[in-house]
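J.: Shown below is the structure under consideration.
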Amino acid sequence: MAESTMIFKVCSKTVWEEIKQLPSWTGSPHDLRDGFIHFSTASQLAGTLQKHYSGQTDLVLLTIAAGTLGDALKWEPSRGGDLFPHLYGPLPIKAVISAQDLTGTI
């Protein structure tokens, strides 16, 4: 994938408030269970929101440039055979370009 590819992580506003001052984040309980931090590309985001966040409110969309994560970021087949970005290691908070509120219920 191109170094300029943007990838996305969804988390709650509460989690974002807790982690934004930290040097890094090891991910959600789901990420910790799977051994990597799950991300989506722009084209995968709607499906991710529908599958994993339906009915939830107070979510934040984190934007990260994939190229800043180095070799710890792997592109692996997942839903529908699409290659999804998976980070095998903590997410450096300084890599987060923006945190956008996802208003309303997904």
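J.: Tell me which residues, restricted to segment 64-106, are closer than 22 Å to Ser24 by Cβ and of a type in the set (Asp, Glu). First the steps, then the outcome.
T.: Pass one, segment 64-106, residues closer than 22 Å to Ser24 by Cβ: 64-76, 84-100.
Those that are closer than 22 Å to Ser24 by Cβ and of a type in the set (Asp, Glu): Asp71, Glu76.
J.: From the set of residues in segment 80-97 that are over 12 Å from His38 (Cα atoms) and surrounded by 11 or more Cβ atoms within 10 Å (Cβ to Cβ), which is modelled with the lowest pLDDT?
T.: Initial filter on segment 80-97 (over 12 Å from His38 (Cα atoms)): 80-82, 92-97.
When the remaining residues are screened for being surrounded by 11 or more Cβ atoms within 10 Å (Cβ to Cβ), the result is 82, 92-93, 95-97.
Values: Asp82: 90, Pro92: 97, Ile93: 97, Ala95: 97, Val96: 97, Ile97: 97.
Here the answer is Asp82.
J.: Kindly list, by first and then second residue, each pair from a residue in segment 79-93 that is farther than 12 Å from Thr48 by Cβ to a residue that is assigned to a strand (DSSP E or B) and of a type in the set (S, T, N, Q), limited to pairs with Cβ atoms under 9 Å and residues at least 6 apart or on different chains.
T.: Partner pairs satisfying both residue conditions: Leu83/Thr41; Gly89/Ser24; Pro90/Ser24; Leu91/Ser24; Pro92/Ser24; Ile93/Ser24.
J.: If Leu61 satisfies every condition in (1) within 15 Å of Val10 (Cβ to Cβ); (2) in contact (Cβ under 8 Å) with a residue 60 or more places away in the chain but one, which is the exception?
T.: (2)
J.: Would segment 28-38 turn up any residue that is β-branched (Val, Ile, Thr) and either under 16 Å from Glu76 (Cβ atoms) or without any contact (Cβ under 8 Å) to a residue 12 or more places away in the chain (or both)? Break it down stepwise before answering.
T.: Going through segment 28-38, the residues β-branched (Val, Ile, Thr) turn out to be 37.
Then drop every residue that is not either under 16 Å from Glu76 (Cβ atoms) or without any contact (Cβ under 8 Å) to a residue 12 or more places away in the chain (or both), which leaves 37.
Yes, there is a match, as at least one residue in segment 28-38 is β-branched (Val, Ile, Thr) and either under 16 Å from Glu76 (Cβ atoms) or without any contact (Cβ under 8 Å) to a residue 12 or more places away in the chain (or both).
J.: Could you please give the count of residues in segment 1-39 that are within 10 Å of Pro85 (Cβ to Cβ) and in contact with a Gly (Cβ under 8 Å, 6 or more places away or on another chain)?
T.: The total comes to 4.
J.: Go through the residues of segment 6-13 one by one and say whether even a single one is touching a Pro at 6+ places or on another chain (Cβ under 7 Å), assigned to a strand (DSSP E or B) and exposed (fewer than 15 other Cβ atoms within 10 Å of the Cβ). Spell out how you get there, then give the answer.
T.: Our first condition is that a residue be touching a Pro at 6+ places or on another chain (Cβ under 7 Å); within segment 6-13, this holds for 7.
Checking the rest, the ones that are also assigned to a strand (DSSP E or B) come to 7.
Imposing the further condition that a residue be exposed (fewer than 15 other Cβ atoms within 10 Å of the Cβ) reduces the set to none.
Taking every residue of segment 6-13 in turn, none turns out to be touching a Pro at 6+ places or on another chain (Cβ under 7 Å), assigned to a strand (DSSP E or B) and exposed (fewer than 15 other Cβ atoms within 10 Å of the Cβ).
J.: Something else: Go through the residues of segment 19-27 one by one and say whether even a single one is within 16 Å of Ala95 (Cα to Cα), under 12 Å from the mean Cα position of the chain (by Cα) and surrounded by fewer than 18 Cβ atoms within 10 Å (Cβ to Cβ). I'd like the intermediate steps shown before the answer.
T.: Filtering segment 19-27 for residues within 16 Å of Ala95 (Cα to Cα) gives 19-27.
Okay, now just the ones that are also under 12 Å from the mean Cα position of the chain (by Cα), so 25-27.
Subset that is surrounded by fewer than 18 Cβ atoms within 10 Å (Cβ to Cβ): 26.
Within segment 19-27 (the criterion being within 16 Å of Ala95 (Cα to Cα), under 12 Å from the mean Cα position of the chain (by Cα) and surrounded by fewer than 18 Cβ atoms within 10 Å (Cβ to Cβ)), the answer is yes, since at least one residue qualifies.
The values are calculated or read from the model by the stated rules, or taken from the named source; none is laboratory data. Keep in mind the model is a prediction, meaning the values are calculated, not measured. Cβ sites come from the backbone with ideal geometry, for glycine too, and all protein chains shown count toward neighbours.
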